[in-house]
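FYI, it's all coordinate maths here, none of it is from the lab. What you are looking at is a predicted structure, and each value in this text was computed from that prediction instead of being measured. Reconstructed Cβ throughout: ideal geometry from the backbone, glycine too, with neighbour counts over all protein chains shown.
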Amino acid sequence: MKTKTDLVIPFEWKDRHPILLEKFFYIPKGFDHQEDRLEWNDERIFGNSNPVCIELCSGNGQWIGEKAKQRPDLNWVAIDLDFGRARKIWLKIFREKISNLYVVCGDGSVFLRYYAPLKGAKESFVNFPDPWPKQRHAKHRLIQKPFLDLLSTVLVDGALASFATDDVSYRDQMIRELARSAQWQPVFYDPYYLSDFESYGDSYFANLWKQKKRTLYYIQYVNGSRRI
Ligand SMILES: C[S@@+](CC[C@H](N)C(=O)[O-])C[C@H]1O[C@@H](n2cnc3c(N)ncnc32)[C@H](O)[C@@H]1O
């Protein structure tokens, strides 16, 4: 059985570069990235052509782990910036034998910009991205037009993109940012979100906020003009 010590990034900081390991793609910080896109059907990744769903900001992987078990006919990719959390997902893959789940450790925008296959995913999810609740920090929020433009390039036309948050200001910002591009079509009628989405699944943060009786908001948009 694998343990934490089985995943150690095998090079010095000064020699850092992206590295494809078993069930783990590592994208270092502070590296001069060049476009070098993966192929999902690569034997070292999924080794099949099943449709791919991606989740950015996966945290400990609770949500995507369950989804991958429920839908073994799909491939699932978890992406998180934090090495410790990405490694937790990596361990989960082996411990729970989730062969259709793969983990990327790195910045979601960098992954989309340089490494994710273009038009290679059928659906995307961002669940409870860091809310940066102070107004002066809101500029750090991930879900803004530059990120959404990149996301659009890696999703097939007609793909669904889902977002979940408990933060009202971030909810409204996401909807405003999605409206800035004609590329994104809302799935839900005005006000463009649901606060009850039973079948969506629960992440660590979804459960935490539910316990604290906070309202959760779910937003879904289609990439392009038609829905697949
Ligand atoms: C509030 S947690 C939510 C985790 C999980 N989705 C959940 O609902 O339990 C936000 C996560 O986003 C990750 N994150 C923040 N910025 C990121 C980025 N630019 N790219 C990828 N992951 C990021 C953090 O490391 C953290 O694990």
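A few notes on this one:
- Estimated dipole of region 126-228 in Debye, rounded to 20 [Cβ of Lys and Arg +1, of Asp and Glu -1, Cα centre]: 360 debye
- Both radii are taken from the alpha-carbon atoms of region 74-228; with Rh as the Kirkwood radius, Rg/Rh is 0.94.
- Net +/- balance of residues flanking G120 in space, Cβ distance below 10 Å, scoring K and R +1, D and E -1: +2
- In plain terms, the chain from L74 to F188 could stretch by 38.6 nm, reckoned as 0.36 nm per residue minus the Cα-Cα distance.
- Lys/Arg +1, Asp/Glu -1 at C-beta; region 21-223 dipole; positive extreme among N50, I64, S124: I64
- Protection proxy ranking, peptides 84-97, 125-138, 177-190, 57-70, average beta carbon neighbours within 10 Å, highest first: 57-70, 84-97, 125-138, 177-190
- Point-to-point label distance, K97-K134, nm (Cα→Cβ direction, 7 Å offset): 4.9 nm
- If the chain linking S109 and K4 were pulled fully straight, counting 0.36 nm for each residue of separation and taking away their Cα-Cα distance, it would gain 35.2 nm.
- Note on K213: lysines with a C-alpha under 29 Å away, same-chain residues under 8 apart excluded, are K67, K69, K88, K92, K134, K139.
- For the chain, the mean residue ellipticity at 222 nm estimated from helices alone is -7000 deg cm²/dmol, where every DSSP H run of n ≥ 4 contributes -39500 (n - 2.57) and the total is divided by all residues, rounded to the nearest 500.
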